[in-house]
1. Going by the structure shown, is L8 modelled with pLDDT under 75, closer than 30 Å to K67 by Cβ and open to solvent by less than 90 Å² (accessible area, probe 1.4 Å)?
2. Could you list, in sequence order, all residues of the stretch 21-33 that are at pLDDT 70 or above and surrounded by 12 or more Cβ atoms within 10 Å (Cβ to Cβ)?
3. Considering Q65, Q42, Q75, which residue is in a helix (DSSP H, G or I), open to solvent by 90 Å² or more (accessible area, probe 1.4 Å) and modelled with pLDDT under 90?
4. Looking at the structure I just gave you, is L18 at pLDDT 70 or above and open to solvent by less than 60 Å² (accessible area, probe 1.4 Å)?
5. Could you check, for the stretch 52-60, whether at least one of its residues is among the acidic types (D, E), surrounded by fewer than 11 Cβ atoms within 10 Å (Cβ to Cβ) and modelled with pLDDT under 90?
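The values are calculated or read from the model by the stated rules, or taken from the named source; none is laboratory data. Here the structure is a predicted model, which is why all the values come from computation and not from measurement. Cβ coordinates were reconstructed from backbone atoms using ideal geometry, including for glycine residues, and neighbour counts include every protein chain displayed. Note: accessible area is taken over every heavy atom of the protein model, side chains too, but ligands, DNA and RNA are not part of it. Shrake-Rupley method; radii C 1.70, N 1.55, O 1.52, S 1.80 Å.
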Amino acid sequence: MTSASNTLSSAQNELEKLVSDLRGILSSKDLDSVPEIKQLRQRLDDGIHSVRDSAVRAAQDAAYQAKEAARAADQYAHDEPWRVATAALAAGALVGFLLARR
């Protein structure tokens, strides 16, 4: 989950840098004489808000799904403790065998 939050944070930082660059270009004094620039600025702001809202919803959905997966795993571990213990033993034996071969 940390990897997903890092990716989301990185994407958000890149998006904000891009928006900052676009705003810098659009705020140029040379472009003030063009009437469409105000409309373009408004569409850009609307798009930014829409993307931010989508990113927040995606992060919330990912967090919810991760919590649900953890709950399901916990429930399975409580319902089937011997299977979980056997799987953990097998994984530990495999790791021990691989490390012993070094």
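1. Considered against the rule, which asks whether it is modelled with pLDDT under 75, closer than 30 Å to K67 by Cβ and open to solvent by less than 90 Å² (accessible area, probe 1.4 Å), L8 comes out as yes.
2. L22, R23
3. Selected residue: Q42, the only one of Q65, Q42, Q75 that is in a helix (DSSP H, G or I), open to solvent by 90 Å² or more (accessible area, probe 1.4 Å) and modelled with pLDDT under 90.
4. no
5. yes
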